[in-house]
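Shown next, in structure tokens, is the structure this report addresses.
The values are calculated or read from the model by the stated rules, or taken from the named source; none is laboratory data. These numbers were taken from a predicted model, which means no experiment stands behind them. Methodologically, a virtual Cβ is constructed for each residue, glycine included, from the backbone with ideal geometry; neighbour enumeration extends over all protein chains shown.
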Amino acid sequence: MATAGAKKTRSKEKPGKSPAVLPILTATERVDLLRKMVLIRRFEQKAAQAFMQAKIKGFCHLYIGQEAVAVGSISTLHEGDAVITAYRDHGHALARGMSARECMAELFGKITGCSRGKGGSMHFFSKEKHFHGGHGIVGGQTPLAAGIAFAQKYNQSGAVTVCYLGDGAVNQGAFHEALNLAALWKLPVIYVIENNEYAMGTSQHRSSAGDPLVKRADGYDMAGITAHGADVDDVREKMWDAVQLARTESLPSLVEIKTYRYRGHSMSDPGHYRSKDEIENRKKEADPLALYRERLYKEKALTEKQYEEIERQCVAEAEDSVAFAESSPEPEVNTVFEDIFAPEDQMPEFRPPIGS
Amino acid sequence: MAVCTMREALNQALSEEMERDERVFLMGEEVAEYQGAYKVSSGLLQKFGPKRVVDTPISESGFAGLGVGAAMMGLRPVVEFMTWSFSMVAYDQIVNNAGAIRYMSGGQYSIPIVFRGSSGAGLQVGATHSHTPENWYANVPALTVITPGFPDDAKGLLKSAIRSNNPVCFIENEKLYGFKDEVPDGEWIVPIGQARIRREGNDVTLIANSASTHVALGAAGKLAANGISAEVIDLRTIKPLDLPTILASVAKTNRVVIVEENKPFAGWGAQVAYEIQHRSFDHLDAPIERVTGLDVPQPYARVLEQAVMPSEERVIAAAEKSLA
């Protein structure tokens, strides 16, 4: 992708501001990346199971197959950097360090959930972890990300924002407005297109003119970068460039990461738009977990025994999250009127109960 | 106490709040170098600089959403829509993001943002530029909706809106920007959620807001000449609604005419009528009348547009019907 490559080098043409190099991870840190990916997969499998048992209701969009994107990209961030995403948000939340318990409890609609049972699958939030949602309207989060980055710049905090979106979101007006504002005002934001090839059931070639999608950065004179989404190392490397550009030069980027989701768009997707062979082939050819595990074996960073232990721990953590969610209380019905308005407001306490 | 226009009163509120709190910034189309399409932000760029008075591209969805994101981080944006008619382009950001993020996150985020700008019909700008959307936004549970009709209220309520930690839709009316009246000097706060009785009377209550209050006051003057004493309530805030003031007036006059520029179906007056009949049924001596914008897209020709707008004549006729 020549366009992307050419743009990517732009920051390197300014030697005075050249970014620090990507830190080389220790074996332990690399194993930890694998552990995070395994945890996401086992968490999602448990969520699918609970959904089939009707313990999770509503929509449930699983991240299985895309784990290396969230884990690789978030591993390049500082603790105080902001993360915001769309409705397929479980993987990003876990990669950001939110607990499996609070995430699963949210799926179960329990008061112990990360949004007190008011958000559900598509609306995870953790202000403490700078995880600013979980947003249900396709592309609707992209202007929010520009605003978060605007505040980071306004406050001179030095932090950056990473905003995830799917390949379907690139055709929303809000996305283009956000890109223009980010580039115009030099906001420290990285827009990451997780291109899993399908906007719900409509493949990229049936929904988007222009390939690769990262070319859309050109119109806004933004850096365009691409990465291989099954390879966590490649994601880390390419994201590092974008993050440095945002942190050191306050410049936005558009990163397109090719990935693939193994499950349906949501749990209610019959999957008529693609073949079983296609899915099986992709799993065989480029599974992010298997790819990284084999690499770590080869590099002697991991033994099979250690891997089995990781699997055991992650399955246990996912099971524990289900047990926690199941045993957590439902929200008290009177909490339905909580969290609407800021309590510290100067508003008169008496808000007439309209319609009662 | 000095006499000033609505636009000057709004300008004072913005300037004083930006002076008071560095987290407050103004953003919108033509707010900075152009000095505001309606001159509300005149001089603010010179006073506060481009970091805090920010010209945006014509990109309502983008900059409204950007404002919400900034508010999630603790800044206090004032986002100007050149007119509220253009806010339709940003509807998703206002409803789903400003209006729901606090709730959806279980109360983790406050969204201290003010969306403000002109609205209203009567100046022959046609269907796309003439909306009075207070009822649309009042239908969103977490949004506060303010519609000032006088310079002193405009100043005091805008200062309250900027200090609110909740998302506020502050809907001005284009017809009123040049309206002059007394405005208290310096710190002047009008609490959100309180109606104001602009004229006292005993025979019939006229409930109005924004520019419609001026129509109601004009009608009340003419009714007085015919021996009818009308009380005029300016709601000032559509949501939260000040029911105690409304119900006290109904208990006194027993008759109600609602005057609203927005369209009739589910206009805010429909809700007010419901609340009155539900809570004060025994106080009513006649059916509640409504004078609204007529149920057609806003026409251009003067004679057509005037027929669509609430008028003193229609208010007088409604009051007389109520008293018949």
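Okay, here's what the table says:
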{"item": "Counted residues, region B:119-141 - those being in contact with a Gly (Cβ under 9 Å, 6 or more places away or on another chain), more than 10 Å from chain A (Cβ to nearest Cβ) and assigned to a loop (DSSP other than H, G, I, E, B)", "result": "5"}
{"item": "Single match in B:ILE189, B:ILE146, B:ILE197 (criterion: buried (at least 19 other Cβ atoms within 10 Å of the Cβ) and either closer than 30 Å to B:ALA251 by Cβ or within 11 Å of chain A (Cβ to nearest Cβ) (or both))", "result": "B:ILE146"}
{"item": "Single unsatisfied condition, B:GLY269 versus (1) buried (at least 19 other Cβ atoms within 10 Å of the Cβ); (2) farther than 27 Å from B:SER164 by Cβ; (3) touching an Asp or Glu at 6+ places or on another chain (Cβ under 9 Å)", "result": "(2)"}
{"item": "Identity of the residue in region B:78-123, of a type outside the set (Gly, Ala, Ser) and touching a Phe, Trp or Tyr at 6+ places or on another chain (Cβ under 6 Å), that ends up surrounded by the most Cβ atoms within 10 Å (Cβ to Cβ)", "result": "B:VAL79"}
{"item": "Considering residues of region A:265-276 that are in contact (Cβ under 8 Å) with a residue 12 or more places away in the chain and of a type in the set (D, E, K, R) only, the residue surrounded by the fewest Cβ atoms within 10 Å (Cβ to Cβ)", "result": "A:ARG274"}
{"item": "Options B:GLU8, B:GLU22, B:GLU80, B:GLU30; residue that is over 24 Å from A:GLN141 (Cβ atoms) and outside any loop (DSSP other than H, G, I, E, B)", "result": "B:GLU8"}
{"item": "Where a residue in region B:43-67 is away from chain A (no Cβ under 12 Å) and its partner, wherever it lies, is part of a loop (DSSP other than H, G, I, E, B) and of a type in the set (A, V, I, L, M, F, W, C), with Cβ under 9 Å and at least six apart", "result": "B:LEU44/B:VAL31; B:LEU44/B:ALA32; B:LEU45/B:VAL31; B:LEU45/B:ALA32; B:VAL53/B:VAL31; B:VAL53/B:ALA32"}
{"item": "Residues being touching a helix residue (DSSP H, G or I) at 6+ places or on another chain (Cβ under 6 Å) and within 24 Å of B:PRO77 (Cα to Cα) - total across region B:157-175", "result": "9"}
{"item": "Residue selected from region B:157-169 under the condition more than 13 Å from the chain's Cα centre (by Cα) and in contact (Cβ under 8 Å) with a residue 40 or more places away in the chain, by the criterion surrounded by the most Cβ atoms within 10 Å (Cβ to Cβ)", "result": "B:PRO167"}
{"item": "Sole exception among (1) over 26 Å from B:ALA142 (Cβ atoms); (2) at pLDDT 95 or above for B:GLY269, by number", "result": "(1)"}
{"item": "Selection within region A:47-60 - surrounded by fewer than 22 Cβ atoms within 10 Å (Cβ to Cβ) and not aromatic (Phe, Trp, Tyr)", "result": "A:ALA48, A:GLN49, A:ALA50, A:MET52, A:GLN53, A:ALA54, A:LYS55, A:LYS57, A:GLY58"}
{"item": "Test result for A:VAL138, more than 9 Å from chain B (Cβ to nearest Cβ) and surrounded by 24 or more Cβ atoms within 10 Å (Cβ to Cβ)", "result": "no"}
{"item": "Hits in region A:242-266 - residues which are of a type in the set (D, E, K, R) and either more than 27 Å from A:TYR198 (Cβ to Cβ) or in a strand (DSSP E or B) (or both)", "result": "A:ARG247, A:GLU249, A:GLU256, A:LYS258"}
{"item": "Top-ranked residue in region B:105-118 [being touching a strand residue (DSSP E or B) at 6+ places or on another chain (Cβ under 9 Å) and in contact (Cβ under 8 Å) with a residue 24 or more places away in the chain; ranked as farthest from the other protein chains (Cβ to nearest Cβ)]", "result": "B:SER118"}
{"item": "Residue check for A:ILE279: more than 14 Å from chain B (Cβ to nearest Cβ), free of Cβ contacts under 8 Å to residues at least 40 places away in the same chain, in contact with a Phe, Trp or Tyr (Cβ under 8 Å, 6 or more places away or on another chain) and not polar (S, T, N, Q)", "result": "yes"}
{"item": "Members of region B:45-66 found to be assigned to a helix (DSSP H, G or I), crowded, with 22+ Cβ neighbours inside 10 Å, in contact with a helix residue (DSSP H, G or I) (Cβ under 6 Å, 6 or more places away or on another chain) and of a type outside the set (Asp, Glu), listed by number", "result": "B:SER61, B:GLY62, B:ALA64, B:GLY65, B:LEU66"}
{"item": "Residue pairs meeting the criteria (Cβ under 8 Å; at least 6 apart or on separate chains; first more than 15 Å from A:PHE175 (Cβ to Cβ) and in a helix (DSSP H, G or I), in region B:92-104; second charged (D, E, K, R) and at pLDDT 95 or above)", "result": "B:TYR103/A:LYS118; B:MET104/A:LYS118"}
{"item": "Test result for A:GLU338, surrounded by 15 or more Cβ atoms within 10 Å (Cβ to Cβ), within 14 Å of chain B (Cβ to nearest Cβ) and among the acidic types (Asp, Glu)", "result": "yes"}
{"item": "Among (1) buried (at least 24 other Cβ atoms within 10 Å of the Cβ); (2) within 27 Å of A:ALA217 (Cβ to Cβ) - the single one A:PHE124 does not satisfy", "result": "(2)"}
{"item": "Residue within region A:80-87 that is surrounded by fewer than 22 Cβ atoms within 10 Å (Cβ to Cβ), within 22 Å of A:GLY158 (Cα to Cα) and out of contact with any Leu (no Cβ under 7 Å at 6 or more places or on another chain) present", "result": "yes"}
{"item": "Tally, over region B:196-221, of residues that are within 22 Å of B:PRO287 (Cβ to Cβ) and either outside the structural domain of B:GLY293 (by TED's automatic domain parsing) or out of contact with any Ser or Thr (no Cβ under 7 Å at 6 or more places or on another chain) (or both)", "result": "7"}
{"item": "Elements of type strands (runs of 3 or more DSSP E) in region B:233-324, at least 1 residues being of a type outside the set (A, V, I, L, M, F, W, C)", "result": "B:237-239, B:289-291"}
{"item": "Selection from region A:183-208 of residues that are farther than 19 Å from A:ILE137 by Cβ and not charged (D, E, K, R)", "result": "A:ALA183, A:LEU184, A:TRP185, A:LEU187, A:PRO188, A:ILE190, A:ASN195, A:SER203, A:GLN204, A:HIS205"}
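Condition check ((1) crowded, with 23+ Cβ neighbours inside 10 Å; (2) of a type in the set (Phe, Trp, Tyr); (3) modelled with pLDDT under 95; (4) over 16 Å from the mean Cα position of the chain (by Cα)) across all residues:
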site: B:ASP234; (1), (2), (3), (4): yes, no, no, no
site: B:PRO240; (1), (2), (3), (4): no, no, yes, no
site: B:THR245; (1), (2), (3), (4): no, no, no, yes
site: B:VAL256; (1), (2), (3), (4): yes, no, no, yes
site: B:ASP295; (1), (2), (3), (4): no, no, no, yes
